Amino acid sequence: MKIDQCVGAQNPNQKEAMELEKKLIETQSVRKGPLYKIKNDPRKTRVGRIIEAISIDELPQLFNVLKGDMGLVGPRPHQPREVEKYEMWQKRTLSIKPGVTGLAQISGRSDLSFADEARLDIYYIENWSLWMDIEIIFKTFFVLLKKRKNL
């Protein structure tokens, strides 16, 4: 991400960056609902596009797993401003620790609607088993090798 277009609090131009992001979400988001996915995001650097395309942008999450803030498997974490837009039933996905991978990720990744993603996450929560976690982790490696549609 280009540093001057980062929406984080560390950016002195955060307000302008947030406005740009809002405009990009309205015009280029390929997802509907509380989550967004900006297609051909002009804020990404060339290196950033490559890192995201091969999914190594997720590797730092392993530090969160080691710290105990996340699990390997579970619903994906979302930004607080996205969670604010959840419908009540979708908030059930917040009842367990988020994970680096999950049932929604192996079932369609960002190609799913948020409602479908939430349904899969709730199914995982209600039907959890060690075997299901092993299966999800195993399938994750194969999913990572496939090219995503909405990038």
Those residues that are more than 12 Å from the chain's Cα centre (by Cα) and in contact (Cβ under 8 Å) with a residue 40 or more places away in the chain, I need them from segment 85-112; list them, please.
-> 85, 86, 90
For residue 82, are the conditions met, namely being under 14 Å from the mean Cα position of the chain (by Cα) and acidic (Asp, Glu)?
-> yes
(1) part of a helix (DSSP H, G or I); (2) buried (at least 18 other Cβ atoms within 10 Å of the Cβ): which one isn't true of residue 86, the others all being true?
-> (1)
Flagged pairs (Cβ under 7 angstrom, 6 or more apart or on separate chains; first in segment 55-72, closer than 15 Å to residue 137 by Cα and touching a residue at least 12 places away in the same chain (Cβ under 8 Å); second surrounded by 15 or more Cβ atoms within 10 Å (Cβ to Cβ) and among the polar types (S, T, N, Q)) are 70/61; 70/64; 72/101
Looking at segment 53-64, which of the residues that are surrounded by 14 or more Cβ atoms within 10 Å (Cβ to Cβ) and modelled with pLDDT of 85 or more is farthest from residue 102 (Cα to Cα)?
-> 64
Within segment 71-112, the residues that are more than 18 Å from residue 52 (Cα to Cα) and β-branched (Val, Ile, Thr) are 73, 83, 93, 96
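Conditions tested, residue by residue: (1) among the aliphatic types (A, V, I, L, M); (2) closer than 27 Å to residue 6 by Cα.
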site	(1), (2)
49	no, yes
59	yes, yes
79	no, yes
88	yes, no
114	no, yes
117	no, yes
142	no, no
Examine segment 8-30 for a residue that is β-branched (Val, Ile, Thr), modelled with pLDDT of 90 or more and not in a helix (DSSP H, G or I), and state whether such a residue exists.
-> no
Please find, within segment 28-49, the residue that is nearest to residue 83 (Cα to Cα) out of those that are over 15 Å from the mean Cα position of the chain (by Cα) and surrounded by fewer than 16 Cβ atoms within 10 Å (Cβ to Cβ).
-> 28
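Is it fair to say residue 69 is assigned to a loop (DSSP other than H, G, I, E, B), over 14 Å from the mean Cα position of the chain (by Cα), among the charged types (D, E, K, R) and under 25 Å from residue 145 (Cα atoms)? Reasoning before the result, please.
On the way: assigned to a loop (DSSP other than H, G, I, E, B): yes; over 14 Å from the mean Cα position of the chain (by Cα): yes; among the charged types (D, E, K, R): yes; under 25 Å from residue 145 (Cα atoms): no.
No, not satisfied.
The values are calculated or read from the model by the stated rules, or taken from the named source; none is laboratory data. What you see is a predicted model, and the numbers here were worked out from it, not measured in a lab. Cβ coordinates were reconstructed from backbone atoms using ideal geometry, including for glycine residues, and neighbour counts include every protein chain displayed.
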